[in-house]
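Q: Next up is a structure, given as structure tokens.
The values are calculated or read from the model by the stated rules, or taken from the named source; none is laboratory data. Keep in mind that what you see is a predicted model, and the values were worked out from it rather than measured. Positions of Cβ are backbone-derived with ideal geometry, glycine not excepted, and every protein chain shown enters the neighbour counts.
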Amino acid sequence: MLLLLPVDGLVCGIDEAGRGPLAGPVVAAAVILDPDRPIVGLNDSKKLSAGKREVLAEQIRDSALAWAVAEASVAEIDRFNILQASLLAMQRAVAALAGAQGRVIPSHALVDGSHCPQLPCSVDAVIGGDGKVAAIAAASILAKTSRDAGMRVLHGSYPQYGFDRHKGYPTAFHLQALREHGATPQHRRSFAPVARLSES
């Protein structure tokens, strides 16, 4: 059973998508759900079909008190490392809430995982939170659907890599495309499979 509001006040759920891929940005979302407008079917985005994620993402955007999506670029991932870039994207998503849907500002944030970004409100990490807390599940869905959409756009510029299929993850097809065509400006050169190309 997913929790709606684990503590008093406006609770913001935060999650990211795209820590594991070899290409593309890492994307984070922040969501404050409306307790008067519950959304049925929220769950960890990885446990939902692509079609179900899209349906729920639309419901979240329509029903949440506030939501925002932000990212950290490939250059920032390579500069800071993927963990710090993920936390940076989370900070940006929460900051964007202040300018979203009537300047709704959370009093507390719950983050999926074991690391917390520095935020202007109190924050707790919840391991497995995207399967335990409704607001985090909603954030995981928005982050995933937003990043997937961005990778489909990126596919238009680099169709030989199949970004529309694997979204930048290190599948056999993607690794073979890297060997044949080399890395694009959207590949993370700090990640070992990409770094090895520049060394060979």
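Q: If I filter the range 39-62 for residues that are within 17 Å of His108 (Cα to Cα), assigned to a loop (DSSP other than H, G, I, E, B) and out of contact with any Cys (no Cβ under 8 Å at 6 or more places or on another chain), do I get at least one hit?
A: Looking only at the range 39-62, we keep the residues that are within 17 Å of His108 (Cα to Cα), and these are none.
Scanning the range 39-62, I find no residue that is within 17 Å of His108 (Cα to Cα), assigned to a loop (DSSP other than H, G, I, E, B) and out of contact with any Cys (no Cβ under 8 Å at 6 or more places or on another chain), so the answer is no.
Q: Can you tell me which residue in the range 131-183 is surrounded by the fewest Cβ atoms within 10 Å (Cβ to Cβ), limited to those that are among the acidic types (Asp, Glu) and out of contact with any helix residue (DSSP H, G or I) (no Cβ under 7 Å at 6 or more places or on another chain)? I'd like the intermediate steps shown before the answer.
A: Let us first name the residues in the range 131-183 that are among the acidic types (Asp, Glu), namely 148, 164, 180.
If we keep only those that are out of contact with any helix residue (DSSP H, G or I) (no Cβ under 7 Å at 6 or more places or on another chain) as well, we get 148, 180.
Numbers: Asp148: 23, Glu180: 9.
Among them, the one singled out is Glu180.
Q: Considering the range 57-90 alone, what residues qualify as being surrounded by 19 or more Cβ atoms within 10 Å (Cβ to Cβ) and more than 15 Å from the chain's Cα centre (by Cα)?
A: Ala64, Leu65, Ala66
Q: Mind checking whether some residue in the range 162-172 is among the acidic types (Asp, Glu) and closer than 21 Å to Leu87 by Cβ?
A: No; the residues of the range 162-172 include none that is among the acidic types (Asp, Glu) and closer than 21 Å to Leu87 by Cβ.
Q: Which one of the conditions (1) of a type in the set (Phe, Trp, Tyr); (2) in a helix (DSSP H, G or I); (3) within 16 Å of Pro25 (Cα to Cα) does Phe173 fail to meet, given that it meets all the rest?
A: Of everything listed in (1) of a type in the set (Phe, Trp, Tyr); (2) in a helix (DSSP H, G or I); (3) within 16 Å of Pro25 (Cα to Cα), Phe173 misses just condition (3).
Q: All but one of (1) of a type outside the set (S, T, N, Q); (2) touching a strand residue (DSSP E or B) at 6+ places or on another chain (Cβ under 7 Å); (3) without any contact (Cβ under 8 Å) to a residue 40 or more places away in the chain hold for Glu180; which doesn't?
A: Exception for Glu180: condition (2).
Q: For a quick check of your reading of the model, give me the residue pairs whose first member lies in the range 74-89 and is modelled with pLDDT of 95 or more, whose second is among the basic types (Lys, Arg) and surrounded by 23 or more Cβ atoms within 10 Å (Cβ to Cβ), with beta-carbon atoms closer than 8 Å and at least 6 apart or on different chains.
A: Val74/Arg188; Ile77/Arg188; Asp78/Arg188; Ile82/Arg188
Q: Inside the range 176-200, can you point out the residues that are in contact with a Leu (Cβ under 7 Å, 6 or more places away or on another chain) and assigned to a helix (DSSP H, G or I)?
A: Leu178, Pro193, Val194, Leu197
Q: May I pose another question? Taking into account only those residues within the range 24-38 that are assigned to a loop (DSSP other than H, G, I, E, B) and over 27 Å from Gly168 (Cβ atoms), which is farthest from the chain's Cα centre (by Cα)? Write out each step before concluding.
A: If we filter the range 24-38 for residues that are assigned to a loop (DSSP other than H, G, I, E, B), which is where we start, we get 24-25, 33-38.
Filter again for over 27 Å from Gly168 (Cβ atoms), leaving 33-38.
Values: Leu33: 17, Asp34: 21, Pro35: 23, Asp36: 25, Arg37: 23, Pro38: 22 Å.
Restricting to residues being assigned to a loop (DSSP other than H, G, I, E, B) and over 27 Å from Gly168 (Cβ atoms), the top hit is Asp36.
Q: Considering each of Ala95, Ala137 in turn, give the residue that is of a type in the set (A, V, I, L, M), on the phi < 0 side of the Ramachandran plot and touching a Ser or Thr at 6+ places or on another chain (Cβ under 9 Å).
A: Ala137
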